[in-house]
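Have a look at the structure below before the remarks.
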């Protein structure tokens, strides 16, 4: 009697097609303005107020940190910071909004590339850590129309690199990790996204990022 050999069933991994792209804001969609003379926004504010950096950070530290995760209301955070810095609320807002708008410049080339991709049928999203005033300065209202989804840490109560914020984006997009590309300029934000299974790109410059994105979409 001849016995037929049973063929072993091999599980083949199906390669999921990229359906969405997620972008950070500061350092990606908004780039440092080379003409800005100060190392960062905090140095600029401290100098404008005539205080040293240690004094400045002591004044904003707890309220500022809480505000990035939305753990205190905007009104309360600004009130505490204004009181500690010994300035009026209106001056505080004007200083910060002005500083962010001077320090950053809109990355128009990358945005043009993103909007071309979106027209091809890909979903596009923003995932950014911001506090109340940086959000107002760096995420214009039209971003909410031009991107399919915008997730900001101070709105959702979680910040990168907490894996929960990446999972939140995936749930909102209704995508699997393998179906998205995540672009960020910080390595520590890339790590959890990669662990979840997302395709990741560490942003260095427009040429490098757009080349890597195009390669992944082929």
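What follows is calculated from the coordinates using simple rules that are stated; it is not laboratory data. Everything numeric here is computed off the predicted structure, so don't read it as measured data. For neighbour counting, all protein chains shown are included, and Cβ atoms are generated from backbone atoms with ideal geometry for every residue, glycine included.
Percent relative contact order of region 138-206, based on C-alpha pairs within less than 8 angstrom and at least six residues apart?
25
What order do you get for 175, 81 when you list them from fewest to most C-beta neighbours inside 10 Å?
175, 81
How far, in nm, would the chain grow between residue 215 and residue 171 when pulled straight, counting 0.36 nm per residue and subtracting the alpha carbon separation?
13.3 nm
Just need the relative contact order of the chain here, percent rounded to a whole number, with Cα pairs under 8 Å and 6+ apart.
27
Between region 22-72 and region 96-139, how far is it from one alpha carbon centroid to the other, in angstrom?
If you average the Cα positions of each part, the centres end up 17 Å apart.
Per 0.36 nm of contour for each residue apart, how much would the distance between residue 142 and residue 119 grow if the chain were fully extended, relative to their Cα-Cα spacing?
Gain on extension, residue 142 to residue 119, equals 6.6 nm.
Neighbouring Cβ atoms within 10 Å as the yardstick, rank 112, 212 fewest first.
112, 212
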